[in-house]
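Here is the structure we will look at.
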Amino acid sequence: MSTASPDARTRASLLAYLVPAVVAAVLVAPAAYAGTDTTFGTALTQFTNFLSGSGGKVITVLSLAGGIVGLASGRFSLGQVAVPVGTGVAAGTGVPIVTAMVTATI
């Protein structure tokens, strides 16, 4: 008769399968290098150009127009002013900041 609880036996059998799998994965895994993949380079360039150029300006103007319509309808809130300003700042300076954060320089 076994004195080990069912939880202890389950844990032991889980470790018996898990440990060899983890060791094998660590030994077989190839090295990953940041910045060497260009799979989405074209899409990133197009999206960056869109937000930095006329697309970012259009988004900002549409956001500002929505805020003005909200103000004209008689309901004033700080969000109607803050959202267009935040959108303009994000479209103008957000792209270079995010690009600088994710670009690896060694």
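Contact annotation: residue pairs with Cβ atoms under 6 Å, 6 or more positions apart or on different chains, pairing a residue in segment 92-106 that is modelled with pLDDT of 75 or more with a partner that is assigned to a helix (DSSP H, G or I) and hydrophobic (A, V, I, L, M, F, W, C), are V95/L51. You will find that of T87, T42, T10, the residue that is part of a helix (DSSP H, G or I), exposed (fewer than 10 other Cβ atoms within 10 Å of the Cβ), of a type in the set (S, T, N, Q) and at pLDDT 80 or above is T42 and no other. For segment 65-91, the set of residues classified as in contact (Cβ under 8 Å) with a residue 24 or more places away in the chain and more than 17 Å from the chain's Cα centre (by Cα) consists of P84, T87, G88, listed by residue number.
The values are calculated or read from the model by the stated rules, or taken from the named source; none is laboratory data. Quick caveat: nothing in here was measured; it's all calculated off a predicted structure. Backbone-built Cβ (ideal geometry, glycine too); neighbour counts: all protein chains shown.
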